[in-house]
Amino acid sequence: MTKTLLITGGASGIGAETARRAAKRGYKVAVNYRSRDTQARRVVADIEASGGTAIALPGDMGREADIVTLFRETERALGPITHLVNSAGVSRRTRVDEYDAALLESLFSVNVIGLMLCCREAAKRMSSRHGGKGGAIVNVSSMASTLGGRLGSTAYAATKGAVDSFTKGFAREVAAEGIRVNAIRPGMVQTEMTEGSLAEPAFRARIEASIPMHRVGESHEIAEAILWLLSDEASFITGAMVDAAGGGYII
């Protein structure tokens, strides 16, 4: 079966690494990005240089119209979508007493609503109820959802808690229709989003001391777990939360 994978937020970090590795496993890959045009095209170029098939497609996951267009354009270029990774996400570090509605709306519009709308579009295409042939979805959550996040990240953690809850319910809703839905919960991982903070020796040391394995993760480690969840090797797994966090947190 031809495998077509759409990755939101696929221009950098975990999404980009997943795209590159998926292509080597025979997936045709659509790399979504919001503003990182150059990086997205670099991912596509890397895939094509290795003999794979990929396209880069713009789209803001906080805008419903962009999401609908993204799915339509992916299918137009690559054929029916069989796999989806919701990797797009934003993060803000702000104390609760410094919240404003605009900040909360920006977090939830991408991390929760955008992800849910992507799942809606995928279900319309993959579900046997709609004439689809099934598929697999992985939502990128976070270990922050399990403990409310590190200090200053409570709003971000709340969005990921919503992702976990939605993933479990959605998985049950479409399990009999050929769709598997799982979430992966990374801990602290070295990516473009975290590299600035992790470059500070004191911060990195404090973070690593809080992880049982005493190190941060690498993007490829998360990508491999995502690809396993997408694969037929995980054929009886749905509604699962897979923690990829070096053992979680030392409390």
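What follows is calculated from the coordinates using simple rules that are stated; it is not laboratory data. Bear in mind that the values here come from a model prediction, so they are computed numbers and not experimental data. Cβ coordinates were reconstructed from backbone atoms using ideal geometry, including for glycine residues, and neighbour counts include every protein chain displayed.
Numbers for the structure displayed
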read-out: Karplus 3J(HN,Hα) series, Hz, for region 199-210 with 6.51 cos²θ - 1.76 cosθ + 1.60 (x for Gly, Pro); value: 6, 7, x, 5, 5, 4, 4, 5, 5, 5, 5, 8
read-out: Solution diffusion estimate, µm²/s, Stokes-Einstein, region 40-92, Kirkwood Rh from C-alpha pairs, 10 °C, viscosity 1.306 mPa s; value: 127 µm²/s
read-out: Rh (Kirkwood; distinct C-alpha pairs) - region 119-208, Å; value: 14.9 Å
read-out: Cα gyration tensor, region 100-149 - rounded (a/c under 1.5), prolate or oblate; value: oblate
read-out: Region 53-60 - phi-based ³J(HN,Hα) in whole Hz, Karplus 6.51/-1.76/1.60, Gly and Pro as x; value: 10, 7, 9, 10, 10, x, x, 8
read-out: Placed amide H near Arg180: partners under 5 Å, 5+ positions off or other chain; value: Gly135, Ala136, Ile137
read-out: √(5λ) per eigenvalue of the Cα gyration tensor, region 1-137, largest first, Å; value: 26, 19, 11
read-out: For the chain, built as a Gaussian network whose Cα springs stay under 10 Å, the top-fluctuating residue of Val112, Val181, Val216; value: Val216
read-out: HN-Hα J in Hz across region 74-80 - Karplus 6.51, -1.76, 1.60, θ = phi - 60°, x for Gly and Pro; value: 4, 5, 4, 8, 10, x, x
read-out: Anisotropy class of region 92-251 from Cα gyration tensor, a/c 1.5 cut; value: oblate
read-out: Selection of chymotrypsin sites (Phe, Trp or Tyr not before Pro), region 157-251, meeting DSSP coil and at most 14 other Cβ within 10 Å; value: Phe236
read-out: Top of Ala122, Ala176, Ala22 by mean-square fluctuation, Gaussian network on the chain, Cα under 10 Å; value: Ala176
read-out: Residue among Ser87, Ser142, Ser106 with the largest mean-square fluctuation in a Gaussian network model of the chain, springs linking Cα atoms under 10 Å; value: Ser106
read-out: Ala244 long-range amide H proximity, modeled H, under 5 Å; value: Arg185, Gly187
